[in-house]
Amino acid sequence: MYRILLASSLALAMAGCNSLIASATGPDPIGSSSGTRTLSQRIEDGSIERTAGVNMHKANADFRQANVNILSFYGSVLLAGQVPSEELKAEAERVVRRIAEVKQVHNELTVGPSSYYQERSSDGVISMRIRSAFTFEKGFPASRTKILTVAGTVYLMGKLTTEESEQAVNLIKQVAGVKKIIKLVDLLPSPEGAPTPANAPAPSQG
């Protein structure tokens with residue numbers, strides 16, 4: 001009898017807590033919506049990027065002469081930049097694939113001399129302007145994207161609907177200095193009532 005009363009009391013207490021939290025957090029559901037990275041996912045992506053960079057240098061000293069950019073989004077890893085040989089390009093991918101949390105690798109490394117500081121600085125400015133455009137575009141889910149620019153080529157990573165992906169491309173096209181756009185996007189289903197690709201407005205030409 002005591003156990004039944006205790007269980008009932010705990011259940012009532014939990015119900016009271018849930019009601020209190022529901023009232024305090026407003027009308028919207030709590031938790032992460034589809035495509036929104038949780039704090040733990042952000043930490044894991046950061047850990048993948050750091051681990052990959054360290055392990056590359058441990059594996060081969062020639063990476064000191066390379067320019068390898070590593071971007072992780074939900075465990076999907078982008079490698080972009082310049083390496084001195086095809087062997088080093090392949091080795092970079094092998095190192096990343098050995099990391100347990102990595103689900104996929106996009107190896108966009110090119111073989112050739114590393115870019116100069118001025119070019120990297122220009123790429124950084126392009127990425128910064130794109131992120132700003134995403135952030136200030138009303139209704140656009142900037143938090144569900146990651147941007148990297150290498151030699152004027154913009155890599156777009158994210159979890160977006162078809163419409164959001166088209167919107168992102170149009171915003172990127174408006175930024176000076178962009179030479180090419182490569183989309184590495186996981187497409188999410190469009191919300192109910194949103195236009196489908198068949199009747200969605202055509203993207204503007206950049």
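The values are calculated or read from the model by the stated rules, or taken from the named source; none is laboratory data. All figures in this text were calculated on a predicted structure; none of them were measured in a lab. Positions of Cβ are generated from backbone atoms using ideal geometry, with glycine treated the same way; all protein chains shown enter the neighbour counts.
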statement: Quick count over the stretch 100-114, residues being farther than 15 Å from residue 80 by Cβ and touching a residue at least 24 places away in the same chain (Cβ under 8 Å), is 4
- prompt: Listed residues 76, 72, 127; which is crowded, with 17+ Cβ neighbours inside 10 Å, within 23 Å of residue 180 (Cβ to Cβ) and touching an Asp or Glu at 6+ places or on another chain (Cβ under 7 Å)?
  reply: 72
- prompt: Does at least one position in the stretch 131-146 carry a residue that is in contact with a strand residue (DSSP E or B) (Cβ under 6 Å, 6 or more places away or on another chain) and aliphatic (A, V, I, L, M)?
  reply: no
field: the stretch 14-67, subset surrounded by 15 or more Cβ atoms within 10 Å (Cβ to Cβ) and within 30 Å of residue 162 (Cα to Cα), residue modelled with the lowest pLDDT
entry: 35
field: Elements of type strands (runs of 3 or more DSSP E) contained in the stretch 78-184, each with 2 or more residues being over 25 Å from residue 67 (Cα atoms)
entry: 153-160
